1. Around GLY41, with a cut-off of 14 angstrom between Cβ atoms, what is the net charge of the other residues, counting Lys and Arg +1 and Asp and Glu -1?
2. Order 267-276, 308-317, 115-124 from most to least packed using the mean count of other Cβ atoms within 10 Å.
3. Under 1.5 on a/c is rounded, so check that first for segment 243-309, then, if it is not, pick prolate when a/b is larger than b/c and oblate when it is not; a ≥ b ≥ c are the square roots of the alpha carbon gyration tensor eigenvalues.
4. Report, to two decimal places, the Cα Rg of segment 70-155 normalised by 2.2 N^0.38 Å (N = number of residues).
5. Please give the length that would be gained between ARG227 and ARG140 if that part of the chain were fully extended, namely 0.36 nm times their separation in residues minus their C-alpha to C-alpha distance (nm, one decimal).
6. How long are the semi-axes of the equivalent ellipsoid of segment 66-120, taking √(5λ) for every eigenvalue λ of the Cα gyration tensor, in whole Å from largest down?
7. So how much slack lies between ALA116 and GLU39, counting 0.36 nm per residue of separation and subtracting their Cα-Cα distance, in nm?
8. Using a Cα distance threshold of under 17 Å, what count of lysine pairs results for the chain when pairs must be 8 or more residues apart or interchain?
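We did not get these values from a lab; they are worked out from the coordinates using the rules stated. The shown structure was predicted, so the numbers you read here are calculated from the model rather than taken from an experiment. Positions of Cβ are generated from backbone atoms using ideal geometry, with glycine treated the same way; all protein chains shown enter the neighbour counts.
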Amino acid sequence: MKALLERYRDLLARDDESFPITLGEGGTPLIHARRLGAEMGLERLHLKFEGMNPTGSFKDRGMVLAVNRAVAGGARAIVCASTGNTSASAAAYAAAAGLPCHVILPAGKVARGKLAQALAAGARLIMVDGNFDAALSAVRRLGDEGVAVVVNSTNPDRLVGQQTGAFEIVDALGKAPDALALPVGNAGNITAYWQGFGRYADAGHTPDAKLPRMLGFQAEGAAPIVRGEPIEAPETVATAIRIGNPASWHGAVAARDQSGGLIETVTDDEILEAQRMVVQLEGVFCEPASAAGVAGVRRLAADRRIGPSEVVVCVLTGHGLKDPDVVQAEEGSLTPIPPGFAAIRDAMGL
Ligand code: AN7
């Protein structure tokens with residue numbers, strides 16, 4: 001398959017711009033969730049599994065464009081603040097580009113797999129005793145002072161690249177879904193998807209030019225947009241979206257209001273239950289933050305705020321392998337037994 005940026009070049013590229021750096025991002029599966037849908041009373045529920053990207057999250061769609069342009073512009077280094085996935089993606093694309101990469105992370109709040117990815121790819125890690133919002137504000141200043149190119153979603157190339165998620169969904173369904181659900185952290189993705197659906201329709205690529213309702217979900221302890229004010233000390237098990245003052249706040253509100261959608265909260269328990277349901281009913285292992293959108297759709301379907309035959313897509317933003325620590329073993333299931341046939345046969349309980 002053609003590389004993502006080449007595939008949608010007419011909507012993304014400037015003139016004869018070339019994109020030498022690619023890791024095979026995009027082209028992720030749109031999975032018809034039959035069993036999960038049946039459980040929720042939705043016949044046409046789909047999962048866009050962004051965990052299948054090269055570094056295991058949707059961030060690669062925008063990072064590939066941001067890093068290609070950073071290289072073309074003569075950058076000497078890139079930098080980002082991150083709850084984990086942006087840093088994993090930046091580290092990988094910087095490695096492929098031969099650029100130094102600095103990542104500023106909230107100490108103790110980044111999932112183990114993500115930290116390993118950034119370390120393995122040779123990024124310089126700077127751990128701060130503070131949250132993502134503090135790290136991002138320092139990073140913005142580093143960008144303003146020309147120290148390094150910022151590859152957070154404050155970089156417009158990131159959001160342009162992320163629009164490709166919307167393009168692929170329309171291509172796969174032959175139209176836009178009735179509703180698109182996703183987690184909201186720094187609010188770049190909901191902004192990019194909404195812009196992407198709009199641009200694809202404007203360009204004549206969406207047969208009936210219909211646009212979806214945008215359904216965003218924040219974790220209850222990190223829900224600045226829902227509360228209408230920044231949260232000083234955001235907390236949630238879904239560390240990816242542990243963000244109190246989103247950079248794309250206005251974009252998210254515009255997506256919500258222009259689409260006739262909503263942004264609501266889900267609890268940590270609802271998030272973890274949705275994560276379990278997705279993997280145990282569909283075999284798709286996403287990280288906790290990704291399940292926030294599913295948890296939200298589950299509630300809306302139960303409340304009949306989504307109809308049973310509506311086409312609904314939940315964007316599963318990141319892979320479950322990034323955050324293995326949230327998966328709890330059942331009592332006793334990891335306790336060894338003798339290796340003989342009889343004991344094993346007995347333990348199966350069949
Ligand atoms: C799995 O990596 O902000 O609302 O620094 O990793 O576009 O921020 C990650 C965010 C959802 C929220 N799901 O998306 C970072 C970072 C996953 C994520 C979000 C993130 P935005």
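1. Details: positive: ARG34, ARG35, ARG44, ARG298, ARG299, ARG304, ARG305; negative: GLU39, GLU43, ASP303, GLU310.
With Lys, Arg at +1 and Asp, Glu at -1, the neighbours total +3.
2. On the way: 267-276: 19.5, 308-317: 23.6, 115-124: 17.9.
Going from most to least packed, we get 308-317, 267-276, 115-124.
3. Working: a/c = 2.27, a/b = 1.35, b/c = 1.68.
Oblate, because a/c is 1.5 or more while a/b does not exceed b/c.
4. This ratio for segment 70-155 stands at 0.98.
5. 28.8 nm
6. 21, 10, 8
7. 24.2 nm
8. For the chain, qualifying lysine pairs total 7.
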